[in-house]
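Colleague: So that we are looking at the same thing, I have put the structure below in structure tokens.
FYI, it's all coordinate maths here, none of it is from the lab. Source: prediction; values computed, not measured. Cβ coordinates were reconstructed from backbone atoms using ideal geometry, including for glycine residues, and neighbour counts include every protein chain displayed.
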Amino acid sequence: MNTFFIEFRDPLFGIIIFFVLIFIITFFSYWLARFKKKEDYRHLDRFLKQFSTLPSKNELKVLITKGELSEKSWILLAHSYTKNGNFEKSIEIYNELLKVGDKANYRDTLFLLGKTYFKAGFLERARQIFLEMLKNNPRTPQALNYLLLIYEHMRDYSSALDILEPLDELKKDIKIDSAYLKSMLLLNDLDISTETKVNELLEIYKSTNRLTYLTFEYIFRVNPKVAWKNFDNSKVELLVDILWNIDKKDLNFDIIMQNSYLRELYTAKGYIQEADKSSTFELDVLINLNKSVNATLSFEYICDSCKQVYPFAFNRCSTCHSIDTSRVELSLTKDYHKDFSEENNSFQ
Ligand SMILES: [Zn+2]
């Protein structure tokens, strides 16, 4: 029986104890490492969760009041919220900074708040902010510029024109703004006849030699004869989309025959056969294309000042706020209108 037991003093007993100890230590260190790893993941989950939800208004208030982040960091954060279109959070930050922030930065923060209200479309609130700024610092051209844009968006062109006076006193160039706002005031006045509008628009256009698109888009729409009479051949490429869409009955072939670009344009359209090639790639393709192929021109509009591309024509760029900087770009596309009219004819 004794052969199954190992004596206490037996060297084999020591070796067994040694291996048992190694096993226990390995076992515990394995479980400790596993537990720690799990805790790490949980900590990371808790950390990342903070960023998946935005801080509430009260959380922001506490965070800003604590002063752990500098005012500049908060402004940078608000700016990135604005960039991502989250105007609400950005406005909350600016409002809180105005309450607890450094008084030396009050005017700058107020300006940023007004700008964000304007971008978010809260025009009345933005107007109040800029008026408050100008009450204390009337010689602030940036605030005057925004106030002008706000009135323009509100279609209150007379008030927008009033802003030009202090801007002029600050030696800012107001020539194009003045011509543009006068033209917009004219076009939106329901009491003025179309004929008067056409004459006065032409007067503004001739005095500045700008606003070609705004002027001719309106005149070609209401009185193509007058538009052709005052047509400037050097501006033809600025108006290519308007010219492309004019009804055939409203064309002035005497003028078209004198201008090579117009001859190419209307040959590409299929109205005349007066050009066999063009230096403009899109027109050249259309001139030499089999007429049974459904292809036409499409247009997009690039701001010459900030290079922003728009699918529609504009007189003032909504990104950089420059006036009369739109440039038309041509491209070839499928003629859906032709498809549609052919389908309709097949049902008759
Ligand atoms: Zn622009």
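Colleague: I want the local charge near Ser90. Using Cβ-Cβ distances under 14 Å, sum +1 for each Lys or Arg and -1 for each Asp or Glu among the other residues.
Modeller: Working: positive: Lys57, Lys83, Lys89, Lys115, Lys119, Arg125; negative: Glu88, Glu92, Glu96.
Net charge in that neighbourhood comes out at +3.
Colleague: Give the calculated FRET efficiency between Phe312 and Leu69 to the nearest 0.05, with a Förster radius of 45 Å applied to their Cβ-Cβ distance.
Modeller: On the way: r = 41 Å, r/R0 = 0.91.
Here the calculated transfer efficiency is 0.65.
Colleague: Hey, what angle do you get for helix 57-66 against the long axis of the chain, alpha-carbon based, 0 to 90 degrees rounded to 10?
Modeller: 70
Colleague: Kirkwood Rh over Cα pairs of region 173-311 into Stokes-Einstein at 25 °C, 0.890 mPa s: D in µm²/s? Show your work: numbers first, answer last.
Modeller: Working: Rh = 16.7 Å.
The calculation lands on 147 µm²/s.
Colleague: I've got another one for you. From the cross-link list Lys83/Lys115; Lys225/Lys249; Lys225/Lys291; Lys197/Lys225; Lys72/Lys115, which pairs have alpha carbons spaced over 19 Å apart?
Modeller: Values: Lys83/Lys115 12 Å; Lys225/Lys249 11 Å; Lys225/Lys291 29 Å; Lys197/Lys225 15 Å; Lys72/Lys115 17 Å.
Checking Cα-Cα distances, Lys225/Lys291 exceed 19 Å.
Colleague: Another one. First measure r as the distance between the Cβ atoms of Lys249 and Ser80, then evaluate 1/(1 + (r/R0)^6) with R0 = 51 Å and state the FRET efficiency to the nearest 0.05. Before the final figure, lay out the partial values.
Modeller: Values: r = 54 Å, r/R0 = 1.06.
Taking R0 as 51 Å, the efficiency between Lys249 and Ser80 is 0.40.
Colleague: Considering only C-alpha atoms, what is the centroid distance from region 53-111 to region 222-282, in Å?
Modeller: Distance between centres, Cα-based: 54 Å.
Colleague: Next question, about the same structure. Return the calculated 222 nm mean residue ellipticity for the chain, to the nearest 500 deg cm²/dmol, obtained by summing -39500 (n - 2.57) across DSSP H runs with n ≥ 4 and dividing by the residue count.
Modeller: Working: 17 runs with 220 residues, N = 348.
So the calculated ellipticity at 222 nm is -20000 deg cm²/dmol.
Colleague: Just the number, please: Stokes-Einstein D of the chain in µm²/s, Kirkwood Rh from C-alpha pairs, 10 °C, 1.306 mPa s.
Modeller: Values: Rh = 26.9 Å.
The estimated diffusion coefficient comes to 59 µm²/s.
Colleague: Using a Gaussian network model of the chain with C-alpha springs under 10 Å, which one of Glu59, Glu124, Glu329 is most mobile by mean-square fluctuation?
Modeller: Judging by the Gaussian network model, the answer is Glu59.
Colleague: Only counting other Cβ atoms within 10 Å, I'd like Met154, Met133, Met184 sorted with the fewest neighbours first.
Modeller: Details: Met154 13, Met133 22, Met184 19.
Least crowded to most crowded, the residues run Met154, Met184, Met133.
Colleague: So, one more: Give me Rg/Rg_expected for region 158-250, where Rg uses Cα atoms only and Rg_expected = 2.2 N^0.38 Å with N residues.
Modeller: Numbers: Rg = 14.7 Å, N = 93, 2.2 N^0.38 = 12.3 Å.
Computed over Cα atoms of region 158-250, the ratio equals 1.19.
Colleague: Just to verify a number: FRET efficiency for Asp102 and Glu124, C-beta to C-beta distance, R0 = 45 Å, to 0.05? Walk me through the intermediate numbers first.
Modeller: On the way: r = 28 Å, r/R0 = 0.62.
For R0 = 45 Å, the calculated efficiency reads 0.95.
Colleague: Just rank His321, His79, His337, fewest to most, by other beta-carbon atoms within 10 angstrom. Could you put the intermediate results ahead of the total?
Modeller: Values: His321 17, His79 14, His337 10.
Least crowded to most crowded, the residues run His337, His79, His321.
Colleague: Would you mind checking the tilt of helix 71-83 against the longest principal axis of the Cα atoms of the chain, expressed as 0 to 90 degrees and rounded to 10?
Modeller: On a 0 to 90 degree scale, this one is about 60.
Colleague: Go through 106-112, 21-27 and give me the packing order, highest mean Cβ count within 10 Å leading. Intermediate results must be reported in sequence, preceding the final value.
Modeller: Values: 106-112: 17.7, 21-27: 10.0.
The densest-packed peptide leads the list: 106-112, 21-27.
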